[in-house]
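Data block below; observations after.
The values are calculated or read from the model by the stated rules, or taken from the named source; none is laboratory data. Predicted model only: the values in this text are computed from it and were never measured. Backbone-built Cβ (ideal geometry, glycine too); neighbour counts: all protein chains shown. To get the accessible areas, we keep the full protein, side chains included, count just its heavy atoms, and leave off ligands, DNA and RNA. Shrake-Rupley method; radii C 1.70, N 1.55, O 1.52, S 1.80 Å.
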Amino acid sequence: MTTIDNDTPAKVATRQPGNDSFNLSAIGAFLRAGAVFILLAAMLIGFAAAEPAFINIGNLMSILQAVSVVAILGAGVTVTLAVGGFDLSIGAVAASSVMAASYAMIVWHLNAFATVPLVLAFGAIIGLLNAILIVRLRVPDLLATLAMMFLLSGLQLVPTAGRSISAGLILPDGSKATGAYDPAFLTIGRYSIAGTVPVSVVLTLAVAIGLFVLTERTRIGRLLFATGGNEIATRLAGASTVRLKTLAYVISSTLASLGGIIIAARVGRGDVSSGGSLLMDSVAAALIGFAVLNLRRPNVLGTIVGAVFVGVLLNGLTMLNAPYYTQDFIKGAVLVGALALTYGLGRSNP
């Protein structure tokens, strides 16, 4: 996925000023690079004009809070795309983390300070298992993570015999769980700083900044993309592609666990169906990100923008009373448009 060339700006820059085609190409390149931002601004203006309540700070924060989990999972997907892989297990890891966090507090009576590290470690271990399957046993990434997805989807139901986890849960042996959610844990999903900015949004921002610096400003980041572009050349250059791929899958699964923690803290319940649409929404955000700034490659900034783009679109349509069953169609149409912009128009109009 990272072999896509990125030569359009270079070609534009070498053309001679004063040529009409130069101006048209420059304008075209600018529009392609900023197309997602232009559409996002147009949606904000359009929805605000149609429904003034849309632009309220409370609603905007609600949008960011709603897309925070998708953005975090999408950032993890972006890292695996950078090394030429793909992680299909992130939705199952997030759902299992919801159940694990709930089980730790309801059944094991752990507090927030023990539960959060435990669940993050759970995600890191799953990522390590994915990496072992992919880089050691040479299982194709799609097959390995698909198998892990099914494994986790079944495993999360075993401790509770398929029941959702909440206070007063009846365990398979007939006993009653007497634990409860730690209030400190619930603040992760429900508390807003200064009554305005949700904690989950702050966590998303921290993840985005951290991964952006890692992937775009460090040697490790350059090696991650080099691994995805040409793994053999990267290995011959002296880099350990095994370690780089392992790092990518561990990051992806750990971030999926963080997403599960946020969901559990928000709903205060271990719902067995909590990870249903997370995989596809996260992948959609990562792929829409390819079109941001006309980079035509996985990038964390683009993924975050893609998640916000979809969140704004769906929230605006909901406020305008658009039928709920059209949402998947609209998300699909947006994804098709972004991919056409990335792979089609970007190449045919250098």
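Determine the equivalent ellipsoid of the stretch 127-238 by diagonalising the alpha-carbon gyration tensor, then write out the semi-axes as square roots of 5 times the eigenvalues, largest first, rounded to whole Å.
Numbers: eigenvalues 286, 144, 15 Å².
Rounded to whole Å, the semi-axes are 38, 27, 9.
Counting helices only, and only those DSSP H runs with n ≥ 4, report the 222 nm mean residue ellipticity of the chain as the sum of -39,500 (n - 2.57) divided by its residues, in deg cm²/dmol to the nearest 500. Numbers along the way, then the final one.
Details: 14 runs with 231 residues, N = 350.
Calculated mean residue ellipticity at 222 nm is -22000 deg cm²/dmol.
In the stretch 224-276, carbon and sulfur make up what percent of the accessible area (probe 1.4 Å)?
Roughly 58 percent of what the probe reaches on the stretch 224-276 is carbon or sulfur.
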Subject >> Per-selection Kirkwood Rh - the stretch 107-170 (Cα, Å, 1 d.p.) >> reply: 13.8 Å
**OP:** Grab the beta carbon distance between Ser277 and Ala26, set R0 = 30 Å, and tell me the FRET efficiency rounded to 0.05.
**Re:** 0.15
Original post:
Which three lengths, in whole Å and largest first, does the chain cover when its Cα atoms are put on their principal axes?
Top reply: 80, 57, 35
Original post:
Using a Gaussian network model of the chain with C-alpha springs under 10 Å, which one of Thr318, Thr254, Thr80 is most mobile by mean-square fluctuation?
Top reply: Thr318
Original post:
Across the stretch 25-92, how large is the tail of the calculated P(r) beyond 15 Å, expressed as a percent of all Cα pairs?
Top reply: 70 percent
**OP:** Give the residue from Ala284, Val272, Pro298 lying farthest towards the positive end of the charge dipole for the stretch 178-317; charges sit on Cβ (+1 for Lys and Arg, -1 for Asp and Glu) and the dipole is referred to the Cα centre.
**Re:** Pro298
**OP:** Run the dipole for the chain about the Cα centre, Lys and Arg Cβ at +1, Asp and Glu Cβ at -1, nothing else charged, and hand back the magnitude in debye, nearest 20.
**Re:** 620 debye
Subject >> Cubic angstrom per residue, convex hull over Cα atoms of the stretch 260-338 >> reply: 110 Å³
Subject >> log₁₀ of I(q)/I(0) at q = 0.17, 0.26 Å⁻¹ - the stretch 76-117, Debye sum with one point per alpha carbon >> reply: -0.57, -0.81
Original post:
Using the alpha carbon gyration tensor of the stretch 52-184, what are the three equivalent-ellipsoid semi-axes (square root of 5 times each eigenvalue), largest first, in whole Å?
Top reply: 28, 25, 13
**OP:** Read phi for every residue in the stretch 322-337 and hand back ³J(HN,Hα) as whole Hz from Karplus 6.51 cos²θ - 1.76 cosθ + 1.60, θ = phi - 60°, with x for Gly and Pro.
**Re:** 5, x, 4, 6, 8, 5, 5, 4, 5, 4, x, 5, 5, 5, 4, x
Original post:
What spacing in nm lies between the two simple spin-label points modelled at Gln327 and Arg217, each 7 Å away from Cα in the Cβ direction?
Top reply: 3.5 nm
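With N denoting the number of residues in the stretch 201-265, provide Rg(C-alpha) divided by 2.2 N^0.38 Å, to two decimal places. Provide the component values of the computation, followed by the final result.
Working: Rg = 14.0 Å, N = 65, 2.2 N^0.38 = 10.7 Å.
Cα-based Rg divided by the globular estimate yields 1.30.
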Original post:
If the viscosity is 1.002 mPa s and the temperature 20 °C, what Stokes-Einstein diffusion coefficient in µm²/s follows for the stretch 194-309 when Rh is the Kirkwood radius over Cα pairs?
Top reply: 135 µm²/s
Original post:
How many angstrom lie between the C-alpha centres of the stretch 76-132 and the stretch 157-204?
Top reply: 15 Å
